[in-house]
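Contents: one structure, followed by commentary.
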Amino acid sequence: MIVAKKVGLSYPDGTEALKTFDFHIEKGELVFITGPSGSGKTSLLKLILGMEFPTHGSFEVLGESIQSDNTEKIQMIRRSMGPVFQEFRLLEGRTVLENVMLGMRFLDLPLHTIKNYAIQSIERVGLGHKLKHTVDRLSWGECQRVSIARAVARKPVLIIADEPTGNLDKENAINILELLTSFTDTDTTVIITTHATHLIEDFHNGVFIKMNAGDMQIERRI
Amino acid sequence: MSKFIKNGGYFFREIKTIFMLNKTSSILSLVSLTMIFFILMLTVSGWWMSNTWMGLISDEAEISVYYVSGLNPYAFDELQEDIEKIDGVNGLSHIEASEAYDDMEKILGGDAKVLESFTENPFDPYFELSFDFENRLNIVKELNETKNVSFVRDNQDVLDQLENIIDFIEIIGIVVGLSVSISTFIITSHIIREGIHSNREHIRTLRLLGAPTWFINFPFVTEGILITGFSAFVSGLIFTIFSGRLSNAFEGTVQFLPALDMSSMTLVLWVSVTALALLLGMISSAFGLKLVSKKK
């Protein structure tokens, strides 16, 4: 799924965002990336999403090498992913259904299938009764659920959630984490970054990556 | 193609949203583009009218060739043959002095009484030539060198002035045409860039979701095409009304200039400018997108 061999990332200003590391993540695994702000969590996600490219080493995502700025290849890889953003990135003025359908409109799927997938995923995140509501009228927790619905509706092989609990109270945050981790049941790999380590204390299975100033410690719990 | 059809409703809503996000700017751009295309139509129609008039005038242009009096029949026939041999002369007719008198009487109308003050016919017989307008300078030169020709009248000054006016209008047309193209290009590119700027988060989200470039760009390019196309259409509508009124007002104002049928020209101009606007809209939108994507 994701294979990193002696990968490092430095920015043009000389900042070493990620010190040389190796890891591999398998299909259906649950991955938590933790660490304080500026520890390199976002840089690692940017590598996976093809927003940054490794300064050195070999980095493969979904069997494709992420080495250079190949727009078409990156677009293709991203279409197999389901990104969930901390700031939701929902389109204001549009309904829940429209927002979820947006992530699938450019896929090779007929419109009725897109709509069915969207409705199914909205129902799965518990917002079936708010299909036609505009996202502007939703609470933060609901917006995050819409964002998750948009990510999972297109049945990705990899879900990437960047601080999905960042703006939520504890109860909502745990609900969101439980929702996200439930997708590993369908062999989907789920990667979640969070600085709130107390929220993941109850999770005992998966890959736990602790980031600190560009260094990473990887622990695999079974 | 199926993806375009499938997403028709989405694209339509996006175009509307992009327009509404920059409502004031978009409306002002529409108005300025409409005025720009209207100026282009005025210029092209002015050029067309002057060219058509020049064509009509040159078709009717004649050269009068006067010859020395008292020519014997042999010399008269020889003169006629010499004139007919000149390259560019299409026809030749001999006007008797009495015919010249009658023609002048018709031209003067009510003022023809002045001719009665002459005891004898003051007009001389002459040859009237129809000719190729492009060869007129050479024809006049050869006529002046022809034996027994006493005087050649060709209205050269008037025709030269008309031609100068047409050349001037043509230059104005080229300058205005270029200005219009550049202005349209800049305005449309600017609208597209503004639209992209206002929708940058939306575009970023689509990119992160793996949307292909055509899917992201399509609403912006379409908006550019629609704005320029609609502006050209409206300017064509205004021009049609304007040219109809202008044509009515002009009819009979200048006697030697015939009234022109502007309806066919107006339609051709309307369609051509709209097509040009659509093309400019497409190119400038693509350019606007390229500028923005280079920055990212």
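The values are calculated or read from the model by the stated rules, or taken from the named source; none is laboratory data. Owing to the predicted nature of the structure, the values given are computational and were not obtained by experimental measurement. Every residue, glycine as well, gets a Cβ built from its backbone with ideal geometry; the counts of neighbours run over all protein chains shown. Accessible surface areas use protein heavy atoms only, side chains included; no ligands, DNA or RNA. Shrake-Rupley method; radii C 1.70, N 1.55, O 1.52, S 1.80 Å.
Principal-axis analysis of the Cα atoms of chain B puts helix B:23-60 at an angle of about 20° to the longest axis. Put a plus charge on the Cβ of each Lys and Arg, a minus charge on the Cβ of each Asp and Glu, and nothing anywhere else: the dipole of segment B:2-147 about its Cα centre is then about 2600 debye.
Counting Cβ atoms of other protein chains within 10 Å of each residue's Cβ and taking the mean over peptide A:97-107 gives 4.
If you stretched the chain out fully between B:A275 and B:V31, how much longer would it get, using 0.36 nm times the residue separation minus the C-alpha to C-alpha distance? Each step should come with its number before you reach the end.
On the way: separation 244, 0.36 × 244 = 87.84 nm, distance 1.83 nm.
Stretched fully, the B:A275-B:V31 segment lengthens by 86.0 nm.
Enter the angle in degrees (range 0 to 90, nearest 10) between the Cα long axis of helix B:262-295 and the first principal axis of the Cα atoms of chain B, meaning the one along which they spread out most. Compared with the principal axis, the helix lies near 40 degrees. Of interest is the spacing of the C-alpha centroids, which for segment A:63-94 and segment A:110-181 amounts to 17 Å. Percent antiparallel among DSSP beta bridges with both residues in segment A:119-222, to the nearest 5? Of all bridge pairs located within segment A:119-222, approximately 60 percent are antiparallel. Length available on full extension from B:Q156 to B:L246: 0.36 nm per residue minus the Cα-Cα distance, which gives 29.4 nm.
In the protein assembly as shown, what percentage of the DSSP-assigned beta bridges are antiparallel, given to the nearest 5? Don't jump to the answer; show the numbers that get you there.
Values: 35 of 53 bridges.
Once the DSSP bridges in the protein assembly as shown are tallied, antiparallel ones form about 65 percent.
Taking the DSSP beta bridges with both ends in chain A, the antiparallel portion is around 55 percent.
Nearest 100 Å², what total accessible surface is buried between chain B and chain A (probe 1.4 Å)? All intermediate terms of the calculation are to be shown ahead of the outcome.
Values: alone 17740 and 10970 Å², together 26720 Å².
In total, this chain pair buries about 2000 Å².
Taking a point 7 Å from the Cα of B:V268 along the Cα-to-Cβ direction, the residues of segment B:54-97 with backbone N closer than 17 Å to it are B:54-57. Computed extension gain for B:I174 through B:E105, at 0.36 nm per residue and net of the alpha carbon distance, reaches 20.4 nm.
Treating the beta-carbon of each Lys and Arg as +1 and of each Asp and Glu as -1, no other charges, what is the dipole magnitude of the protein assembly as shown about its Cα centre, to the nearest 20 debye? Write out the running numbers ahead of the final one.
Values: 46 positive and 63 negative charges, 1183 e Å.
Charge dipole, the protein assembly as shown, about its Cα centre: 5680 debye, nearest 20.
For segment B:28-185, the share of accessible area belonging to carbon and sulfur comes to 56 percent (1.4 Å probe, ligands and nucleic acids excluded). With an a/c value of 1.5 or above and a/b not larger than b/c for the gyration tensor axes a ≥ b ≥ c computed over the alpha-carbon atoms, segment A:72-186 is described as oblate.
Within segment A:91-155, what whole-number % of the accessible surface is contributed by carbon and sulfur, with the 1.4 Å probe and all protein chains included in the calculation? Of all accessible area on segment A:91-155, carbon and sulfur atoms account for 52 percent. Taking the centroid of alpha carbons for each part, segment B:49-128 and segment A:1-25 are 97 Å apart.
Excluding ligands, DNA and RNA, the accessible surface per residue across chain A is 45 Å² with a 1.4 Å probe. Each distinct pair of alpha carbons in segment A:91-155 adds a 1/r term; the inverse of their mean, the Kirkwood radius, is 11.3 Å. Since only A:L102, A:Q144, A:I114 are under comparison, the one whose Cα sits farthest along the positive direction of the charge dipole of segment A:91-155, derived from C-beta charges on Lys, Arg, Asp and Glu, is A:I114. Using the Cβ-Cβ distance between A:E171 and A:D13 with R0 set to 35 Å, the FRET efficiency works out to roughly 0.30. Based on Cα contacts under 8 Å between residues 6+ apart, segment B:62-154 shows a relative contact order of 52 percent.
Of the residues B:T228, A:Q67, A:M211, the one whose Cα sits farthest towards the positive end of the charge dipole of the protein assembly as shown is A:M211 (charges of +1 on Lys and Arg Cβ, -1 on Asp and Glu Cβ, taken about the Cα centre). The Cα-based radius of gyration and maximum Cα-Cα distance (Dmax) for segment B:62-154 are 14.5, 41 Å. For a modelled paramagnetic label at B:S2, 7 Å from Cα along Cα-to-Cβ, the residues of segment A:112-135 in reach, with backbone nitrogen under 16 Å, are A:112-115. Relative to the longest principal axis of the Cα atoms of chain A, the long axis of helix A:111-124 lies at roughly 80 degrees. For peptide B:6-12, the mean count of partner chain Cβ atoms within 10 Å of a residue's Cβ comes to 3. Projecting the Cα positions of B:V268, B:F168, B:M282 onto the charge dipole of chain B (unit charges on Cβ atoms of Lys, Arg, Asp and Glu, taken about the Cα centre) puts B:M282 furthest along the positive direction. Assuming charge only on the beta carbon of Lys and Arg (+1) and of Asp and Glu (-1), the dipole of chain B about its Cα centre is about 4740 debye to the nearest 20. The overall shape of the protein assembly as shown, judged from the alpha-carbon gyration tensor, is prolate: a/c is not under 1.5, and a/b is greater than b/c.
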